[in-house]
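**Student:** One structure coming up, written as structure tokens, with questions to follow.
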Amino acid sequence: MKKLWQLRENAIKLRRLGWAYSEIQKKVPVHKITLSKWCRDIELTSRQIKSHGGRYANRLKGAKANCLKRQKEIIRIQKKAENEIHILTPYELKIAGAALYWGEGNKSHGLAFSNSDPELVKFMMKWFQETCEVPNKKIRAYLYLHTGQNEKKMQKYWSRVTNIPLNQFNKTILKKEGSASRKYSQDKYKGTIKIQVLNENLKHRILSWIEQFNFT
Amino acid sequence: MKPKPNEKRIVQCLRKQGLSYNEILQKVPVTKSSISFWCQGVELTPEQKERLNKKRERNLQRIIILGPKAIAKKRKKEIHKIKIEAKKEIHSLAPYEFKIVGAMLYWAEGSKSGGVEITNSDPKLIKFMVRWLKQVCEAQPERLKARLNIHANQNDKKIKKYWSEITNIPISQFGKSYIKPEGTGHRKNILDNGVIRIRFGSEDLRHRIMTWIKVLYQSL
């Protein structure tokens, strides 16, 4: 059986040639919604659209109008939501970071957490430094990368994100590219980083904070 | 491991002065195994050896007197004290704080596309998030859906009942479980109660939550 990412690459190739989803579906047997998710950023040329007949062009136009309408709606929802939350106070930062640690952190062995979202990692670093008062030299980083990625470049990238000096990056763990069902694009996926804090007492303190959340 | 020529030189220099691994460790931030590896070829003078031997003996004596159990017990007491002190630092969550904690958990565990979905295996976390969806996001309980990821040799019915009791979501709102086919036997830490995914089919709510997260992130 073909891997999902292989199917995806095939579908994108065919869409670029101007195929309609119903045609692609005959070669790539996945649901049409999946196809549209994979190919939604590919704009067909007017010649490609014409080749499917006039009704197809109208359908595309209708879909585009719907899409725009929805985008406006989303912006309205976001504007409203912005007023429902305000900037974090120091105490709120403390509980916010503890919540993230509950989600992503290590609960049994040592104080560490792993993630691939640079914003989330930045948030946690800030929390370690400001709330937990962890000195920078007590922090270590590990990367989890695929074989196709450049280790040095990725270490530099994460060092910039986290402000952890390069000599505090320990051994990188490599995974063979394309062995799983997903394949990540080089520029978007920067691997996963594990941040380790060498302070066992702090771990017990954080876990104790998290326990308090359950008594609300 | 990356080569660390500077550290290596310093470590070997300190060893030549007759320092023990632990004493070197306090001055150079590398692992003890690195120190031991680098110092393999370093010869010590008889006086230096004698000092280290005496030191070792003193430590051994201490362990014999106290016993390893006593040391473990002492640490346990320490941890207990830390935990009790830490509890005082956090009070029970006010409604707005509840909102923040849930949003952060969503950042960690929630889906970033499709509707609102939270996937986890920790019953406390799932319980917390179901309450958060109902109280903060005003999700209608009858619209909450659940789905399990379990292994082929596990009891689907029993695990559904377990999660239904925890989440208060009736079994009728549980979808068909995803049953992972038997693997190659590499995976050893099979979770007793599988993984649960809670779903609330509202794209609008997801945009709302993601906006909260964005505001919270930007406040740093």
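**Student:** From the list B:Lys127, B:Lys112, B:Lys134, exactly one residue is within 18 Å of A:Leu120 (Cβ to Cβ), charged (D, E, K, R) and either in a helix (DSSP H, G or I) or within 12 Å of another protein chain (Cβ to nearest Cβ) (or both). Which is it?
**Tutor:** On the way: B:Lys127 fails: within 18 Å of A:Leu120 (Cβ to Cβ); B:Lys134 fails: within 18 Å of A:Leu120 (Cβ to Cβ).
Result of the check over B:Lys127, B:Lys112, B:Lys134: B:Lys112.
**Student:** For segment A:133-152, does any single residue satisfy the condition of being within 13 Å of another protein chain (Cβ to nearest Cβ), among the small types (Gly, Ala, Ser) and in a helix (DSSP H, G or I)?
**Tutor:** No, segment A:133-152 contains no residue that is within 13 Å of another protein chain (Cβ to nearest Cβ), among the small types (Gly, Ala, Ser) and in a helix (DSSP H, G or I).
**Student:** Does B:Phe37 satisfy being of a type in the set (Phe, Trp, Tyr), surrounded by 12 or more Cβ atoms within 10 Å (Cβ to Cβ) and at the interface with chain A (Cβ under 9 Å from one of its Cβ atoms)? Give the steps one after another, and end with the answer.
**Tutor:** On the way: of a type in the set (Phe, Trp, Tyr): yes; surrounded by 12 or more Cβ atoms within 10 Å (Cβ to Cβ): yes; at the interface with chain A (Cβ under 9 Å from one of its Cβ atoms): no.
Against the criterion (of a type in the set (Phe, Trp, Tyr), surrounded by 12 or more Cβ atoms within 10 Å (Cβ to Cβ) and at the interface with chain A (Cβ under 9 Å from one of its Cβ atoms)), B:Phe37 does not qualify.
**Student:** Scanning for something of a type in the set (A, V, I, L, M), more than 19 Å from A:Thr192 (Cβ to Cβ) and within 9 Å of chain B (Cβ to nearest Cβ), does segment A:51-74 turn up at least one residue? Spell out the reasoning first.
**Tutor:** Here is the first cut: in segment A:51-74, the residues of a type in the set (A, V, I, L, M) are A:57, A:60, A:63, A:65, A:68, A:74.
Of the ones still in play, those that are also more than 19 Å from A:Thr192 (Cβ to Cβ) are A:57, A:60, A:63, A:65, A:68, A:74.
Adding the requirement that they be within 9 Å of chain B (Cβ to nearest Cβ) leaves A:74.
Scanning segment A:51-74 turns up at least one residue that is of a type in the set (A, V, I, L, M), more than 19 Å from A:Thr192 (Cβ to Cβ) and within 9 Å of chain B (Cβ to nearest Cβ).
**Student:** Return the residue satisfying two criteria in turn: it lies in segment B:42-87 and is outside any helix (DSSP H, G or I) and within 26 Å of B:Lys8 (Cβ to Cβ), and of such residues it is nearest to the other protein chains (Cβ to nearest Cβ).
**Tutor:** B:Val42
**Student:** For segment A:31-92, give me every one of the helices (runs of 4 or more DSSP H) that falls completely inside it and has 2 or more residues that are exposed (fewer than 11 other Cβ atoms within 10 Å of the Cβ).
**Tutor:** Because the criterion is at least 2 residues that are exposed (fewer than 11 other Cβ atoms within 10 Å of the Cβ), the helices (runs of 4 or more DSSP H) in segment A:31-92 that meet it are A:46-50, A:54-82.
**Student:** Answer yes if at least one residue in segment A:110-132 is surrounded by 13 or more Cβ atoms within 10 Å (Cβ to Cβ), within 13 Å of another protein chain (Cβ to nearest Cβ), free of Cβ contacts under 8 Å to residues at least 12 places away in the same chain and of a type in the set (S, T, N, Q), and no otherwise.
**Tutor:** yes
**Student:** Then there is this: Restricting to segment A:55-100, name every residue that is touching a residue at least 60 places away in the same chain (Cβ under 8 Å) and among the basic types (Lys, Arg).
**Tutor:** A:Lys94
**Student:** Those residues that are among the β-branched types (Val, Ile, Thr) and within 20 Å of A:Arg205 (Cα to Cα), I need them from segment A:122-174; list them, please.
**Tutor:** Those that are among the β-branched types (Val, Ile, Thr) and within 20 Å of A:Arg205 (Cα to Cα): A:Thr131, A:Val134, A:Ile139.
**Student:** A further question on this structure: Determine whether B:Glu43 is acidic (Asp, Glu) and over 24 Å from A:Asn167 (Cα atoms).
**Tutor:** Against the criterion (acidic (Asp, Glu) and over 24 Å from A:Asn167 (Cα atoms)), B:Glu43 qualifies.
Since every read-out is calculated from the coordinates, none of them should be taken as a lab result. What you are looking at is a predicted structure, and each value in this text was computed from that prediction instead of being measured. FYI the Cβ positions are ideal-geometry reconstructions off the backbone, even for glycines, and counts take in every protein chain you see.
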